[in-house]
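Participant: Before we start, here is the structure in question, set down as structure tokens.
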Amino acid sequence: MAILEWVAVAIIVITSVGMLIARDWRVSVSLLAAQYLAMFILLLAHLPLGMASVKVVAGWMSCAIIGMTRSDLPDDPNDEGFWPRGRLFRLFAAAMVGIIVAGAAPGVNDIMADAGLAETSGALLMIGMGLLHLGITSQILRVTLGLMTVIAGFEILYSTVEGSVLVAALLAVITLGLALVGAYLMLASNSGATETP
């Protein structure tokens with residue numbers, strides 16, 4: 001099981017970096033769905049199969065909501081505005097987050113009562129990469145993906161200390177609610193853009 005957990009951490013690294021450098025929204029949403037699968041693997045170490053399944057299903061439903069909403073909107077070639085768009089810059093920033101996580105994960109693992117180095121590393125990577133995503137974009141879709149990544153990382157960390165069914169359900173509702181709010185804001189911004197001359 002330990003090898004599978006480190007494979008999940010590797011998937012988190014690949015998907016989170018891919019979300020940072022991907023230009024196509026379809027690729028970003030697909031990578032987020034793969035990230036939820038990796039989260040499911042890490043959650044199995046501390047939660048029963050049913051509770052871990054609820055989290056991955058809520059994540060995939062959120063990806064479906066975002067994907068269906070975005071597919072109905074026209075493509076905007078200037079979707080990133082003036083924010084740093086260079087792939088080299090984003091890779092460098094992702095490497096910095098990786099270095100910080102590598103240094104912080106053992107200490108956080110000790111604080112979390114030896115939750116597991118793989119779980120702690122994966123959670124901190126998701127939180128760090130989600131915050132990085134939030135810091136370099138202003139597009140509603142990408143902000144939503146960044147927030148969902150941060151919350152997924154928090155869910156992994158929180159599951160190591162609390163296995164309550166009610167808390168798991170509440171976090172699943174928060175994930176779905178965030179996807180619905182993101183979908184609404186995408187639709188609202190598009191309708192506002194089409195109405196102005």
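The values are calculated or read from the model by the stated rules, or taken from the named source; none is laboratory data. These numbers were taken from a predicted model, which means no experiment stands behind them. Positions of Cβ are backbone-derived with ideal geometry, glycine not excepted, and every protein chain shown enters the neighbour counts.
Participant: Could you say which residue among ALA168, ALA123 is among the small types (Gly, Ala, Ser), in contact with a helix residue (DSSP H, G or I) (Cβ under 8 Å, 6 or more places away or on another chain), over 21 Å from ALA105 (Cα atoms) and part of a helix (DSSP H, G or I)?
Facilitator: Working: ALA123 fails: over 21 Å from ALA105 (Cα atoms).
None of the other options fit; the residue is ALA168.
Participant: I need a count of the residues in the range 118-144 that are touching a Leu at 6+ places or on another chain (Cβ under 6 Å) and either closer than 23 Å to LEU4 by Cβ or modelled with pLDDT of 95 or more (or both).
Facilitator: 3
Participant: While we're here: What residue, among those in the range 144-173 that are of a type in the set (A, V, I, L, M, F, W, C) and surrounded by fewer than 16 Cβ atoms within 10 Å (Cβ to Cβ), is nearest to SER28 (Cα to Cα)? Spell out the reasoning first.
Facilitator: Filtering the range 144-173 for residues of a type in the set (A, V, I, L, M, F, W, C) gives 145, 147-148, 150-152, 154, 156-157, 161, 165-173.
Keeping just the survivors that are surrounded by fewer than 16 Cβ atoms within 10 Å (Cβ to Cβ) gives 161, 165-167, 169-170, 173.
Numbers: VAL161: 30, VAL165: 30, LEU166: 30, VAL167: 28, ALA169: 25, LEU170: 25, VAL173: 22 Å.
Within the range 144-173, the match that is nearest to SER28 (Cα to Cα) is VAL173.
Participant: Ok, one more. For GLY128, indicate whether it is touching a His at 6+ places or on another chain (Cβ under 6 Å), crowded, with 20+ Cβ neighbours inside 10 Å and assigned to a helix (DSSP H, G or I).
Facilitator: Working: touching a His at 6+ places or on another chain (Cβ under 6 Å): no; crowded, with 20+ Cβ neighbours inside 10 Å: yes; assigned to a helix (DSSP H, G or I): yes.
Answer is no for this residue.
Participant: Continuing with the same structure: Do you know which of the residues in the range 25-63 that are touching a residue at least 60 places away in the same chain (Cβ under 8 Å) and among the polar types (S, T, N, Q) is surrounded by the most Cβ atoms within 10 Å (Cβ to Cβ)?
Facilitator: GLN35
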